[in-house]
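Here is the structure we will look at, set down as structure tokens.
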Amino acid sequence: MPRLPLTARIPLAVSLLFLVISAALISLALHGLSRQFDRQVSNLGQVYLDGLAAAILPAVRANDGAQMTEVLNRALDTHLGVVDRTLAVVTADQGLLAHVARYPEVEPVPLTVLSEASGNLVNLRSAGVWTWRLLDSEQPRLGTLVANLDVSEFLQQRRELALELGLVGLAISLSGALLCYGMARRLQRPIISLTEALRGARAHAPRPMQVRTRDPELRELLAAYNWMAASVREREAFAQRHAAIEREAMLGRMSAALAHEVRNPLGGLRTAVQTLRQFGDRVEVRRESLGFIDRAVDALQAVVDASLRTFRPGAALLRRADIEDIRLLVGSQAGKAEVRVTLTCAGMDDEALALPAGPVRQVLLNLVLNAVQASPRGGEVRVAARAAGRGLTLHVIDSGAGLPPQARAALAGEEPGGDGMGLGIVAGLVRGMRGRLRVGVMRGGARITVRIPLPEQEVTR
């Protein structure tokens, strides 16, 4: 069975504790009722024996058995409120001097319990009580007077009273338990609302709560939650603004890089066209110019295709060509900085990898552009991609002086911005693909490693 939430377990525990205390009090009340009944029966028996002893004592002293039996029979014939079943006079050595009974079948006199001067013995099976006392406390040798009295009415009254007490106690216990549960739930209402708000914050942005309690501790707790919710929303808004600024800066740099990448082929095309106009009648010049035009058009087409795959990825899956296009996209930037970019790709054939092409290309492009920017003139940026059974691993190694603290914070997701180009965007994209990003320091450069896992259904195939 599912485990109950804490907000339900606490009221139930309070209600259960109330039921346990109520049950203990009812048990004590029933025990007191039973003891009161025993005292009443004892007093009743002793009072009855006091009157009977005064009537039979002369016959006992005279040792007249016939008179003792007559007195006992008169006592059986006359009763007010108390029904006596058996009457007897027992000697000091537990012998019967006289014995009479109201019914033919009666219980035998319990001679073994007559060792004490007086006492009572209740028999619930026969609804009777044996009661006895010495005829004369100053002369124990005269014997003991014993009587068996019918107490069925007393037992019936005790059962009815106990049942009534139990039912009333049960009703009070259940009502009190329900009242305790309701009061505990009412006291927990702000905590329940806070719990629901925290659960909702896992799926959506935390929302402030209305403070409707007069309890100072709860008001302080809810005020602290509202402050946390406002801080989270402000942080998210701040992160979104910085991400937008970073994205615009990256797009500006990319636009400049693309413009430079397109300008060189266009300049060559213009030169080729002018050459054809002036020397188009020469076969060698015409062949060379047309070949250059074909190559320039192919280069422009490659730049356009790579840009479309990067900024309009759609639902395309990652292929080897998507990673190899990085050299073309950073070629202009690397050329101006006089930095050589080398790229190796292992474990990826012509089949697509079950990863989104756009985010992976954008992550790799931003890291390579930052590496080019951080490397000195004549330096080298090494890019390595390896696809294994459980995911894709990307390595970007530069020959610069290492990452500054702000760039490290941006890659770790601690700051939305950073000194590098789009590092906050890189951290967000890697987290969105459930990947991990690690920054290492090498001799004469920095090493950034990104591990992106494949979807679980792809790994288990």
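Name the residues in region 120-143 that are under 16 Å from Arg35 (Cα atoms) and touching a residue at least 60 places away in the same chain (Cβ under 8 Å), would you? Step through it out loud before you land on a result.
Of region 120-143, the ones under 16 Å from Arg35 (Cα atoms) are 120-124, 129.
Across region 120-143, the qualifying residues are Asn120, Val122, Val129.
In region 353-374, the residue that is surrounded by the fewest Cβ atoms within 10 Å (Cβ to Cβ) out of those that are touching a Pro at 6+ places or on another chain (Cβ under 7 Å) and part of a helix (DSSP H, G or I) is Gly358. Among the candidates Ala410, Ala357, which residue alone is within 22 Å of Arg327 (Cα to Cα) and modelled with pLDDT under 85? From the options Ala410, Ala357, the qualifying one is Ala357. Tallying residues that are over 38 Å from the mean Cα position of the chain (by Cα) and either assigned to a strand (DSSP E or B) or among the hydrophobic types (A, V, I, L, M, F, W, C) (or both) within region 395-415 yields 5. Restricting attention to region 446-457, the residues being at pLDDT below 85 and in contact with a helix residue (DSSP H, G or I) (Cβ under 8 Å, 6 or more places away or on another chain) number 0. When Ala117 is tested against (1) in contact with a Phe, Trp or Tyr (Cβ under 9 Å, 6 or more places away or on another chain); (2) over 23 Å from Pro58 (Cβ atoms), just one condition goes unmet, and that condition is (2).
Here's the yes/no breakdown for (1) modelled with pLDDT under 80; (2) within 30 Å of Leu121 (Cα to Cα):
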residue: Asn148; (1), (2): no, yes
residue: Glu164; (1), (2): no, yes
residue: Val168; (1), (2): no, no
residue: Leu174; (1), (2): no, no
residue: Leu194; (1), (2): yes, no
residue: Ala203; (1), (2): yes, no
residue: Pro208; (1), (2): yes, no
residue: Gln240; (1), (2): yes, no
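Reported count of residues in region 216-233, each being modelled with pLDDT under 80 and of a type in the set (A, V, I, L, M), is 4.
A search for C-beta distances below 7 Å between a residue of region 430-447 that is in the same structural domain as His395 (by TED's automatic domain parsing) and any residue that is modelled with pLDDT under 80, counting only pairs 6+ apart in sequence or on different chains, returns Arg431/Gly413; Leu437/Leu411; Val439/Leu403; Val439/Arg408; Val439/Leu411; Val441/Gly402; Ala446/Gly402; Ala446/Leu403. Residues of region 119-175 that are within 29 Å of Gln94 (Cβ to Cβ), assigned to a helix (DSSP H, G or I) and among the charged types (D, E, K, R): Arg141 alone.
Of the residues Arg434, Arg377, Arg461, the single one that is outside any strand (DSSP E or B), under 34 Å from the mean Cα position of the chain (by Cα) and modelled with pLDDT of 75 or more is Arg434.
Listed by first and then second residue, the pairs with beta-carbon distance under 9 Å, at least 6 apart or on different chains, first residue in region 56-70 and more than 13 Å from Leu134 (Cβ to Cβ), second of a type in the set (S, T, N, Q), are Pro58/Gln67; Ala59/Gln67; Ala59/Thr69; Arg61/Gln139. Return a yes/no flag: does region 266-273 have any residue that is under 30 Å from Leu423 (Cα atoms) and at pLDDT below 70. No, region 266-273 contains no residue that is under 30 Å from Leu423 (Cα atoms) and at pLDDT below 70.
What do you reckon, is Leu28 in the same structural domain as Glu160 (by TED's automatic domain parsing) and closer than 28 Å to Leu170 by Cα?
Working: in the same structural domain as Glu160 (by TED's automatic domain parsing): yes; closer than 28 Å to Leu170 by Cα: yes.
Here the answer is yes, as Leu28 does meet what is asked.
Counting residues in region 164-181 that are within 30 Å of Ala224 (Cα to Cα), of a type outside the set (D, E, K, R) and either in the same structural domain as Arg85 (by TED's automatic domain parsing) or touching a helix residue (DSSP H, G or I) at 6+ places or on another chain (Cβ under 8 Å) (or both) gives one or more.
The values are calculated or read from the model by the stated rules, or taken from the named source; none is laboratory data. What you see is a predicted model, and the numbers here were worked out from it, not measured in a lab. No Cβ is skipped: glycine too gets one built from the backbone with ideal geometry, and neighbour counts run over all protein chains shown.
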